[in-house]
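The values are calculated or read from the model by the stated rules, or taken from the named source; none is laboratory data. Only a predicted model underlies this, so the values are computations on that prediction, with no experimental measurement involved. For neighbour counting, all protein chains shown are included, and Cβ atoms are generated from backbone atoms with ideal geometry for every residue, glycine included.
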Amino acid sequence: MTRILVVNDDAVILNAVSTYLKYCGYDVLTAADGLEGVQLFRSCPDLIDVVVTDLQMPQMTGNEAALQIWATRPDMKMICMTGYAEAACPFGVTMLQKPFRLKALRVAVRKALDPTVGSY
């Protein structure tokens, strides 16, 4: 089963995103900030298929978390969520501008898992 790590300091968004991804059939792990996300990822890097992270978080930003995750596993697929128009994701990472539709999240995850997938 595909496992997704969702990292977000906003408990409402964390819960909504993780609940929806579980509904879509994914196994979901959650972390309340970037530092916790990196620690959780490092505890089982080969068991996680995609990381969905907020960019603006206390303790460690999503960008910082992405760099540390890639240091552990350079091929990890990442999706960034942000409410800030000027925020920049690391190169090659899909960005979801908040608020986004849950369908957009589902499509982003499917494309991260298989780049040949269309936007359905």
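For residues that are within 15 Å of the chain's Cα centre (by Cα) and of a type in the set (Gly, Ala, Ser), scanning just the range 77-120, find the one that is modelled with the lowest pLDDT.
Ala88
Could you tell me whether the range 61-71 includes any residue that is in contact (Cβ under 8 Å) with a residue 24 or more places away in the chain and in a loop (DSSP other than H, G, I, E, B)?
Keep residues of the range 61-71 that are in contact (Cβ under 8 Å) with a residue 24 or more places away in the chain, which gives 61-66, 68-69.
Pick out the ones that are also in a loop (DSSP other than H, G, I, E, B) and you get 61.
Among the residues of the range 61-71, at least one is in contact (Cβ under 8 Å) with a residue 24 or more places away in the chain and in a loop (DSSP other than H, G, I, E, B), which makes the answer yes.
Give me a count of the residues in the range 1-14 that are crowded, with 17+ Cβ neighbours inside 10 Å and either aliphatic (A, V, I, L, M) or not in a loop (DSSP other than H, G, I, E, B) (or both).
Selection size over the range 1-14: 5.
State yes or no: is Ile4 touching a residue at least 40 places away in the same chain (Cβ under 8 Å), touching a strand residue (DSSP E or B) at 6+ places or on another chain (Cβ under 6 Å), over 14 Å from Leu105 (Cα atoms) and β-branched (Val, Ile, Thr)? Walk me through how you get there before you give the answer.
Numbers: touching a residue at least 40 places away in the same chain (Cβ under 8 Å): yes; touching a strand residue (DSSP E or B) at 6+ places or on another chain (Cβ under 6 Å): yes; over 14 Å from Leu105 (Cα atoms): no; β-branched (Val, Ile, Thr): yes.
It is false that Ile4 is touching a residue at least 40 places away in the same chain (Cβ under 8 Å), touching a strand residue (DSSP E or B) at 6+ places or on another chain (Cβ under 6 Å), over 14 Å from Leu105 (Cα atoms) and β-branched (Val, Ile, Thr).
Just checking, which of Val17, Val52, Val38 is without any contact (Cβ under 8 Å) to a residue 40 or more places away in the chain, buried (at least 20 other Cβ atoms within 10 Å of the Cβ) and within 23 Å of Arg110 (Cα to Cα)? Reasoning before the result, please.
Values: Val17 fails: without any contact (Cβ under 8 Å) to a residue 40 or more places away in the chain; Val52 fails: without any contact (Cβ under 8 Å) to a residue 40 or more places away in the chain.
Only one candidate qualifies: Val38.
Among the residues that make up the range 72-89, is at least one of them assigned to a helix (DSSP H, G or I) and under 16 Å from Leu5 (Cα atoms)? Don't jump to the end; show me each part of the working.
Restricting attention to the range 72-89, the residues satisfying the condition of being assigned to a helix (DSSP H, G or I) are 72.
From what's left, under 16 Å from Leu5 (Cα atoms): 72.
Checked against the condition, which is being assigned to a helix (DSSP H, G or I) and under 16 Å from Leu5 (Cα atoms), the range 72-89 yields at least one hit.
Would you call Asp46 in a loop (DSSP other than H, G, I, E, B), of a type outside the set (Lys, Arg) and within 17 Å of Arg3 (Cα to Cα)? Walk me through it before giving the result.
Numbers: in a loop (DSSP other than H, G, I, E, B): no; of a type outside the set (Lys, Arg): yes; within 17 Å of Arg3 (Cα to Cα): yes.
No; evaluated as a whole, the condition is false for this residue.
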